[in-house]
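A short write-up of the structure that comes next.
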């Protein structure tokens, strides 16, 4: 009995580490010293909970250190086994306990009800995006200012590039860190990653996660310096980079994958993009949201690897058609930015920015903001982050609140070409009419005759809501203040 008793005591004294659901469980290993650890050594792990199994790639993190990151999606005890071509790491096993998520942790975002989004715990996610492509490539003070701005505003998704960006005077600075070993002068060794750069990248994504901001990570983009050449990689080099990127970032619950910004400007064949998407699907155990962003040419969004449309167009009238054609959510991530630069992509008024957001949302889509006001030091939010100077963000927050108050399920968009009427409705229970930049003195509503409705007049620009005292039924005409950006909400009692 004594040996058995001693063994039992040893067994129950084992400490099992704990990780919150949808947080990161990380394994750190010491591997062999080799010439090129990125190409010569591989490490993977299989995680198991009951009949759920996830295969996860590890990655080299410098100083003979290898890491494997895992985001557990189920509460309970997990086990894992590590496989590697290195005997020092091969066949190691372990376990950990996944605990329930805390109140501010809703998990990763996915598609719900065909056209919309939700967190993993079922909480609806209403996209209110913004754009600061190269914010992570700026100095610490400017990055901190960007994060403080995001804390104050209602934006919950930000489009951002992995690679540094060059766009003339508006963003031309050399970053402190580059993704590959080497230099612009000597060239890059694309088989050796700069682990400090990727540590910096994931740190910024972690900062966004703390603020409940989704990182819409742009994997490739064409706005490159000749001296950099990051957009010129071969298929093999790009796949190698993609695999490493996914191994490092996929365990972050707030990651979305945008395969490219203005993919058609990069002049790659469709077959090449298919290779990258299939690699992404094979490497990402959690199947984060995936999109690709266009310049002028339209991508085939019916491909199964596309979870939602990420489009660039100022033509909003087809929003409803796109969602019904592809049966996927539509995000107009670039319909022209609020600002005053001398280019047609960046000089919308704040009023028109708000108008386009309302139009897109009332046609069943979502949108992303960007700001391009001329700055003495060329610090434009769209490129570098920093501060926001425009008048649209608070009004977009007001719109987001209106959308959160709408029915969660069953909303249908209507846009009539004849009288340009745009509205959302759910059966005869809920109506949200938006009248854009017209200045009509009244609104004629066709409501159900057998129901009574409370009606509110909403001023999208002045951010006011006025509830009318009476109740209404059937066809009624409601007076409006004869100014633009008005909406009417009718809710059955």
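What follows draws every value from the coordinates through simple rules; no lab data is involved. The model shown is predicted, which means the values in this text are computed figures rather than measured ones. Cβ coordinates were reconstructed from backbone atoms using ideal geometry, including for glycine residues, and neighbour counts include every protein chain displayed.
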Q. With contacts defined as alpha carbon pairs under 8 Å and 6 or more residues apart, what's the relative contact order of the chain in percent?
A. 12
Q) Angle, helix 2-12 long axis vs. longest principal axis of the chain, Cα atoms, 0 to 90°, nearest 10? A) 30
**Q.** Longest to shortest principal axis, alpha-carbon extents of segment 221-365, angstrom
**A.** 45, 38, 29
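Please give the contour-minus-distance gain from residue 28 to residue 142: 0.36 nm per residue of separation, less the Cα-Cα distance, rounded to one decimal in nm.
Stretched out fully, the residue 28 to residue 142 stretch lengthens by 37.9 nm.
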Q.
Can you tell me the orientation of helix 350-362 relative to the chain, as the angle in degrees between its alpha-carbon axis and the longest Cα principal axis, to the nearest 10?
A. 80
Q. How many percent of DSSP beta bridges within the chain run antiparallel, rounded to 5?
A. 70
Q: Only residues of segment 103-123 count here: report those whose backbone N is under 15 Å from the spot 7 Å along Cα→Cβ of residue 408, or say none.
A: 106-107, 110-114, 116-123
**Q.** Percent breakdown of C-alpha pair distances by 10 Å bin, ordered from the shortest bin, for segment 412-492
**A.** 18, 56, 25, 1
Q: Would you mind calculating the gained length between residue 427 and residue 482 on full extension (0.36 nm times residue separation, minus the Cα-Cα distance), in nm to one decimal?
A: 16.9 nm
Q) Can you sort 211, 159, 69 so the residue with the fewest Cβ neighbours within 10 Å comes first? A) 211, 69, 159
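At a Förster distance of 51 Å, what's the computed FRET efficiency of residue 99 paired with residue 181, Cβ-Cβ distance as r, to 0.05? Present the calculation step by step, with values, prior to reporting the outcome.
Details: r = 39 Å, r/R0 = 0.76.
The calculated FRET efficiency here is 0.85.
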Q) Taking only Cα atoms, what is the 0 to 90° angle, nearest 10, from helix 235-249's long axis to the longest principal axis of the chain? A) 90
Q. When averaged across all projection directions, what area in nm² does the alpha-carbon convex hull of the chain cover?
A. 28.6
Q.
Can you give me the distance in nm between label points at residue 325 and residue 394, each placed 7 Å from the Cα along the Cα-to-Cβ direction?
A. 3.9
Q. Given 0.36 nm per residue, what is the gain on full extension from residue 401 to residue 278 after removing their alpha carbon distance, in nm?
A. 40.6 nm
(Q) Sorting check: for 386-395, 353-362, 92-101, 290-299, which peptide has the highest mean count of neighbouring beta carbons within 10 Å, and how do the rest follow? (A) 353-362, 386-395, 290-299, 92-101
